[in-house]
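The structure's right below; bear with me while I get my questions together.
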Amino acid sequence: MSLFKAIILFVFLSACFSAKAQQLTLPMNTAFSADIEEAIYSPDTSFHTSIKPFVEADVRKVFDLDSSRSAQLISNPAQRKFGSWLFRKAFNEHFFQVRTDDFYLDIDPVFAFEPGKDFSAIEDLRFVNTRGVQAQGSIGKKFSFFTSFYENQATFVDYVDERIRNTRVVPGQGMARSFYSSGFDYGYSSGHVSWAPSKYLNIQAGHGKNFYGDGYRSLLLSDYAFNYPYLKLNIEAWKLKYSIMYAQFQDLKVPHGGNIGFQKKYGTFHFLNYAVNRRLQLGLYEAVIWINEDSTGHRGFDVNYLNPVIFFRPVEFSLGSPDNVLIGLNASYKLRKKNVLYAQFLLDEIKVHEILSGDGWWGNKSALQAGFRTYDIAGLDGLSLQSEVNFVRPYTYSSRTSTLCYGHYNEALAHPLGANFIESVSILKYHYKRFYAQLKYNFIRYGADSAGLNYGNDIWQSYTTRPFEYGNYVGQGDKTTVNIVDASVSYLVNPATNMNVTLGLMRRTFDPEIGWRESTFLYFGFRTSLNNLVYDF
């Protein structure tokens, strides 16, 4: 990150354009973005909804961000009591901000203080203590930058604690170090620069996350895994938007020397979205993962995969390559003014005659998502529902070695459950002014690997260790059912930074073939919510 920040500083000091820029990307946190979501999914607008994070300049074409933010401002006689400056900084504005005709800069403290009580554990008190800072700004209308750093100490509810101890990683937030007897200490940093050299092209370089799709989950590329360095080009013309991304990932499972760091691998991603009309959008997806080293020694970044043309599988095949290639489809359709259907389909490996035979061949590795969104239910402004089903066959996303699997930093690049599962997620939301309420229900059924056998749930296991060639099905192995109900109410203290207070109750039941467990967790949070933190698995 030091080189990245040096580049930001250089541009900050040396560049100057003629007008205010809007190339910042919006936070991918979905808790407080209902107004934007409803606007971009309206059939009255044409917006490419499946490539995230969104660039602010693109959102402004279909949604008046300034009016929305102004409507949330508080003007209150309390300003006279507490002082105008203090009141504005606490409830309406960034902590430090500079505004000129061709430059602006925002600097804010970021934090999370989240005590909680786990009613199902002996050590029942849990907490998250996060402190950090973020800075973002623009120079002119073509160049923007963002950087942030968080320092964290935390103890987690039991099932999250167990996953951290197995993976050595706090979900989506970095490698965990021990903190006292039962806690974790971890750091988290991210940043990017965003440049629009023309109205058709936006270029982003950074260390962060990306998301392709319209669902709560993505079976193509999600924002679950830890940050990674990437270079991303978004090209938009006519009814098309084309995203090209090059990224570097790390495999924590491969032994390594202290002087060389973790094993590196690379990925190239292509996503072509076609807005057929204002209601229908179709997207084509392609990804290839390859390792930094192979049997011949050092390989590095393969220049063949700089090819910006989608569907380079023939190139990969012509190289005699062992690399891992995935292809997929994404679609959405706006039924009426307030209703949207969406779907994803991913192919990791497949043979048509094996599908038609119905024998459950292990290599029919695929994933399917189907869902819908509806807004202003029963005419009540601010009430929305999203519901989806995700279905992933055994061994999907896995490869011959852990390094080639579709994962990074011991976390899946797509769904946090890996493979060999079916899941339904339903999220009911309501917001009024600065008040937000959410009820979420997850039903999950998966087949866990057991008795030393690889049934296709753990994507880091080599698919060559499978016990069966045929007869494979979703849920094979240790049949496990998970139910999660999470209800919360929030007040958005400051919309400029998503600073909020939240009170919630989560109940999770875990029912494998042997040994039923439950977790009931009452939590309170005072925090700035800028990222999606995923614990529903």
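If I go through region 128-182 residue by residue, how many of them are aliphatic (A, V, I, L, M) and closer than 30 Å to Val98 by Cβ?
Count: 3.
Output the residue which, of all residues in region 225-263 that are modelled with pLDDT of 90 or more and of a type in the set (Lys, Arg), is least open to solvent (accessible area, probe 1.4 Å).
Lys232
Further question on the same structure: Could you look through region 291-348, keep only residues that are among the aromatic types (Phe, Trp, Tyr) and in contact with a Gly (Cβ under 9 Å, 6 or more places away or on another chain), and pick out the one that is modelled with the lowest pLDDT?
So the first thing to find is which residues in region 291-348 are among the aromatic types (Phe, Trp, Tyr), and the list is 301, 305, 311-312, 317, 333, 342, 345.
Cutting the leftovers down to in contact with a Gly (Cβ under 9 Å, 6 or more places away or on another chain) gives us 305, 342, 345.
Numbers: Tyr305: 82, Tyr342: 98, Phe345: 98.
Taking the candidates together, the pick is Tyr305.
I'm trying to understand the selection: among the residues of region 365-376, which are open to solvent by less than 50 Å² (accessible area, probe 1.4 Å) and touching a Phe, Trp or Tyr at 6+ places or on another chain (Cβ under 9 Å)? Let's see the steps before the verdict.
We begin by selecting, within region 365-376, every residue open to solvent by less than 50 Å² (accessible area, probe 1.4 Å); these are 365-367, 369, 371, 373-376.
Matches in region 365-376: Lys365, Ser366, Ala367, Gln369, Gly371, Arg373, Tyr375.
What number of residues within region 23-77 satisfy the criterion of being farther than 23 Å from Ser190 by Cβ, at pLDDT below 90, hydroxyl-bearing (Ser, Thr, Tyr) and part of a loop (DSSP other than H, G, I, E, B)?
Selection size over region 23-77: 1.
Further question on the same structure: Would you list the helices (runs of 4 or more DSSP H) that sit entirely within region 78-189 and hold 2 or more residues that are open to solvent by 20 Å² or more (accessible area, probe 1.4 Å) and at pLDDT 90 or above? Let's see the steps before the verdict.
Working: elements: 78-82, 84-91, 158-167.
Fully inside region 78-189 and qualifying: 158-167.
Quick grid of which residues meet (1) under 29 Å from Tyr228 (Cα atoms); (2) not in a helix (DSSP H, G or I):
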| residue | (1), (2) |
| --- | --- |
| Gln344 | yes, yes |
| Ile355 | no, no |
| Ser384 | no, yes |
| Glu388 | yes, yes |
| Leu417 | yes, yes |
| Asn442 | yes, yes |
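Same structure, new question: Condition first: out of contact with any strand residue (DSSP E or B) (no Cβ under 9 Å at 6 or more places or on another chain) and open to solvent by 50 Å² or more (accessible area, probe 1.4 Å). Can you find one or more residues in region 504-514 that meet it?
Initial filter on region 504-514 (out of contact with any strand residue (DSSP E or B) (no Cβ under 9 Å at 6 or more places or on another chain)): none.
No, because not a single residue in region 504-514 is out of contact with any strand residue (DSSP E or B) (no Cβ under 9 Å at 6 or more places or on another chain) and open to solvent by 50 Å² or more (accessible area, probe 1.4 Å).
Out of the residues in region 449-459 that are modelled with pLDDT of 95 or more and either touching a strand residue (DSSP E or B) at 6+ places or on another chain (Cβ under 8 Å) or within 16 Å of Ser366 (Cα to Cα) (or both), which is most open to solvent (accessible area, probe 1.4 Å)? If you could, list the steps in order and put the result at the bottom.
Taking region 449-459 first, the residues modelled with pLDDT of 95 or more are 454-459.
Within this subset, residues satisfying the condition of being either touching a strand residue (DSSP E or B) at 6+ places or on another chain (Cβ under 8 Å) or within 16 Å of Ser366 (Cα to Cα) (or both) are 455-459.
Numbers: Tyr455: 37, Gly456: 2, Asn457: 30, Asp458: 54, Ile459: 5 Å².
Within region 449-459, the match that is most open to solvent (accessible area, probe 1.4 Å) is Asp458.
Let me ask something else about it. Quick check on my filter: what residues within region 196-214 are assigned to a loop (DSSP other than H, G, I, E, B) and open to solvent by 10 Å² or more (accessible area, probe 1.4 Å)? It would help to see each step written out before you state the result.
From region 196-214, those assigned to a loop (DSSP other than H, G, I, E, B) are 199-200, 209-210, 213-214; that's our starting set.
Within region 196-214, Lys199, Tyr200, Lys209 meet the criteria.
Okay, moving on. In region 377-397, which residues are among the charged types (D, E, K, R), in contact (Cβ under 8 Å) with a residue 60 or more places away in the chain and open to solvent by 10 Å² or more (accessible area, probe 1.4 Å)? Spell out how you get there, then give the answer.
At the first step, the residues of region 377-397 found to be among the charged types (D, E, K, R) are 381, 388, 393.
Filter once more, keeping what is in contact (Cβ under 8 Å) with a residue 60 or more places away in the chain: 388, 393.
Result: Arg393, single match.
Counting just the residues of region 515-537 that are open to solvent by 60 Å² or more (accessible area, probe 1.4 Å) and more than 21 Å from the chain's Cα centre (by Cα), which one comes out farthest from Arg88 (Cα to Cα)?
Trp516
Return the residue satisfying two criteria in turn: it lies in region 326-336 and is out of contact with any Pro (no Cβ under 6 Å at 6 or more places or on another chain) and not hydrophobic (A, V, I, L, M, F, W, C), and of such residues it is farthest from Phe372 (Cα to Cα). Outline the logic, then answer.
Our first condition is that a residue be out of contact with any Pro (no Cβ under 6 Å at 6 or more places or on another chain); within region 326-336, this holds for 326-333, 335-336.
With the extra rule that they be not hydrophobic (A, V, I, L, M, F, W, C), the set shrinks to 328, 330, 332-333, 336.
Working: Gly328: 19, Asn330: 13, Ser332: 9, Tyr333: 9, Arg336: 12 Å.
Here the residue is Gly328.
Given (1) under 17 Å from the mean Cα position of the chain (by Cα); (2) in a strand (DSSP E or B); (3) touching a residue at least 40 places away in the same chain (Cβ under 8 Å), where does Asp223 come up short, assuming only one miss?
(2)
Any chance region 188-202 includes a residue that's farther than 30 Å from Ala71 by Cα, of a type in the set (Ser, Thr, Tyr), in contact with a helix residue (DSSP H, G or I) (Cβ under 9 Å, 6 or more places away or on another chain) and touching a residue at least 12 places away in the same chain (Cβ under 8 Å)?
Checking region 188-202: not a single residue is farther than 30 Å from Ala71 by Cα, of a type in the set (Ser, Thr, Tyr), in contact with a helix residue (DSSP H, G or I) (Cβ under 9 Å, 6 or more places away or on another chain) and touching a residue at least 12 places away in the same chain (Cβ under 8 Å).
All but one of (1) β-branched (Val, Ile, Thr); (2) under 22 Å from the mean Cα position of the chain (by Cα); (3) surrounded by fewer than 17 Cβ atoms within 10 Å (Cβ to Cβ) hold for Ile484; which doesn't?
With respect to (1) β-branched (Val, Ile, Thr); (2) under 22 Å from the mean Cα position of the chain (by Cα); (3) surrounded by fewer than 17 Cβ atoms within 10 Å (Cβ to Cβ), Ile484 is out only on (3).
Looking only at region 19-76, filter to residues that are free of Cβ contacts under 8 Å to residues at least 60 places away in the same chain and among the basic types (Lys, Arg); which one of those is least open to solvent (accessible area, probe 1.4 Å)?
If we take residues in region 19-76 being free of Cβ contacts under 8 Å to residues at least 60 places away in the same chain and among the basic types (Lys, Arg), then Arg60 is least open to solvent (accessible area, probe 1.4 Å).
Right, Arg400: surrounded by fewer than 18 Cβ atoms within 10 Å (Cβ to Cβ), of a type in the set (Lys, Arg) and more than 18 Å from the chain's Cα centre (by Cα) or not? Write out each step before concluding.
Details: surrounded by fewer than 18 Cβ atoms within 10 Å (Cβ to Cβ): yes; of a type in the set (Lys, Arg): yes; more than 18 Å from the chain's Cα centre (by Cα): yes.
Yes.
The values are calculated or read from the model by the stated rules, or taken from the named source; none is laboratory data. Computed from a predicted structure; not experimentally measured. Counting neighbours? That spans all protein chains shown, and the Cβs are built from the backbone with ideal geometry, glycine included. Just the protein is used for accessible areas: all its heavy atoms, side chains included, with ligands, DNA and RNA removed. Shrake-Rupley method; radii C 1.70, N 1.55, O 1.52, S 1.80 Å.
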